[in-house]
1. For GLY163, what residues show an amide H to amide H distance below 5 Å, using hydrogens built from the backbone and excluding near sequence neighbours?
2. For region 39-158, compute the number of Lys pairs whose alpha carbons are separated by less than 13 Å, excluding pairs fewer than 8 positions apart on the same chain.
3. How many angstrom lie between the C-alpha centres of region 207-221 and region 80-106?
4. Given H placed on each backbone N at 1.01 Å, which residues far from LEU97 in sequence or on other chains put an amide H within less than 5 Å of it?
5. Please state the shape class of region 80-133: rounded when a/c is under 1.5, otherwise prolate if a/b exceeds b/c and oblate if not, all from the C-alpha gyration tensor.
6. List the GluC sites (Glu not before Pro) within region 244-303 that DSSP assigns to loop and that have no more than 16 neighbouring Cβ atoms inside 10 Å.
7. Could you state the orientation-averaged shadow area of the convex hull built on the Cα atoms of region 222-297, in nm² to one decimal?
8. Which ³J(HN,Hα) values in Hz, rounded to whole numbers, follow from the phi angles of region 67-84 under the Karplus curve 6.51 cos²θ - 1.76 cosθ + 1.60, where θ = phi - 60° and Gly and Pro get x?
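Computed from the coordinates by the stated procedures, all read-outs in this text should not be read as laboratory data. Keep in mind it's a predicted model, so treat the numbers as computed, not measured. So basically every Cβ, Gly included, is an ideal-geometry build from the backbone, and we count neighbours across all protein chains shown.
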Amino acid sequence: MGLMDFFKREKVSSTEVAIKTTKEEGDKSEIKLGAGIALDTSVQNSAAQANIKYSRPDYNPQTRKAFYDDGSAHKSAIDKAFSGEKTVRDPYSGAELVKKQRDAKLQFGEDWQNHAAEADHIDPLSQIAKRTKKNPFLTTEDVKEIGNSEDNFQILSRRLNQGSKEVGKGGSTQAEWADDSTRMDGLANNIETGESIESVSKRIKESGRAAEKRNNERALKKGIKNAAGTAHEAGKAGAKNAGVTAVTMSGIMNLVSVIKGEKSGEDAVKDTIKDGGKAAVTGYAMGGSMTVVSRTLSNSSAEFMQALARNNVPGKVITAVLVTGDTLKKWGDGEITTQECIIQLGDKGLNMATMGYSMTVGQALMPIPIVGGAVGALVGSMLASSLYHGLINQLQTKQLEHEERMRIIAECEEAVRQARKFREELEAYLDSYFQEYRSCFDEAMSSMQLAYEMGDVDGVIAGANQITRKLGGKVQYETVEEFKSFLDEDSIDVL
């Protein structure tokens with residue numbers, strides 16, 4: 001069987017149909033669908049990458065040390081406090097502090113814990129991890145950086161930092177520490193400045209509130225910045241996948257139109273660029289926004305929302321909107337009837353069900369990133385749509401008896417079932433047959449791509465004929481002129 005024989009079909013009688021769409025509108029719909037499916041895949045990949053990037057371990061004593069605390073930040077805070085000539089004192093007890101424990105023991109003996117300096121997180125790491133847990137756009141490193149910010153450290157005596165329950169702060173927040181009457185009574189007995197415990201307690205709370213406010217603001221800014229960055233990267237990937245797919249599909253369609261004399265080369269190039277540009281713009285906007293939505297849903301506490309993200313519902317919404325949006329708009333504006341709307345949606349729904357796998361098969365046959373998928377999308381869409389439209393046209397325009405109408409409806413349903421089997425059939429065909437001819441296909445497809453880029457139509461035909469001969473088929477034409485004569489034959493109809 002020749003390569004072009006693949007595109008032949010029995011002639012269908014010309015009848016007036018109720019669906020008011022031109023061939024060009026049909027082509028645009030297929031391009032939108034192909035770009036939508038490519039964009040859907042791109043969103044899945046971008047969302048998966050975002051989930052990995054922003055995954056954070058739960059906070060506990062083990063993960064605190066491994067992921068959240070920063071020993072160098074503690075040391076830096078101590079070094080900065082003792083970098084000047086002034087005596088360093090505990091901010092609440094007023095006791096003189098010494099940088100090293102060894103020196104504190106030598107200088108103060110048994111009372112050394114009241115004078116050994118330690119760096120304490122004003123806003124505890126445990127609280128920062130807890131408050132930021134629901135922020136879907138913070139990395140582990142972000143939380144660590146926020147918690148170990150320079151202004152989130154205070155220099156306390158060892159006794160106040162991790163002393164007994166009768167006086168020390170321990171892992172408490174500033175507010176919890178200040179509201180504990182037992183510990184405040186213990187602190188009152190250690191105040192060397194004469195300041196009242198009420199005043200000290202107030203300062204403890206104020207410093208805690210200020211630190212928490214600063215850290216919340218940092219978390220918000222980092223989350224917004226990261227979300228924007230994630231959307232931008234996902235948008236670029238979406239623009240590339242949708243744009244290249246649209247350009248490839250549109251380019252093939254326009255090339256056929258040029259060969260048939262329906263378009264000039266200049267118009268074909270303009271239309272191809274226009275289709276690719278629209279798809280790329282849509283891909284950037286939708287790819288970025290849907291990735292952000294998907295990541296947000298995956299971090300939701302509601303199981304239903306997480307399920308939406310796991311099943312890539314945002315991505316599927318993209319494809320559905322791109323494909324059915326124009327039809328629904330026409331129906332809403334009264335341009336088509338409800339019956340026409342249902343029929344168009346049925347055709348597009350069938351294309352959505354089959355084109356995705358067709359793109360995968362196309363990629364296997366022509367292993368050029370994205371391009372093979374776009375070619376597969378064209379073939380799959382054509383196979384699924386041609387029979388569907390032929391049957392639907394008969395159902396709409398002929399006054400058939402009830403039994404005949406039921407027969408055609410059954411054939412429509414069978415067409416849908418056959419389209420769904422497209423995946424299994426092609427996969428089996430590839431496994432049992434095409435694997436043997438992989439090198440031939442690779443060489444032929446590469447030469448066809450090069451010839452296409454150079455504007456060598458005879459080169460494209462030569463590549464197609466190479467595959468035809470390998471498969472044992474009969475070559476119908478060798479040049480463009482022979483191809484035109486082949487198209488003009490009355491015995492065939494070329495899609």
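1. Excluding prolines and chain starts, which carry no amide H, the hits are GLY168, LYS169, GLY170.
2. Counting lysine pairs in region 39-158 gives 7.
3. About 27 Å separates the Cα centre of region 207-221 from the one of region 80-106.
4. VAL88, ARG89, ASP90
5. It comes out prolate by the Cα gyration axes.
6. Sparse-neighbourhood loop GluC sites (Glu not before Pro): GLU262.
7. Over all viewing directions, region 222-297 projects a mean Cα-hull area of 5.1 nm².
8. Once θ is set to phi - 60°, the couplings for region 67-84 become 10, 10, 7, 9, x, 5, 5, 4, 4, 4, 5, 5, 4, 5, 4, 9, 7, x Hz.
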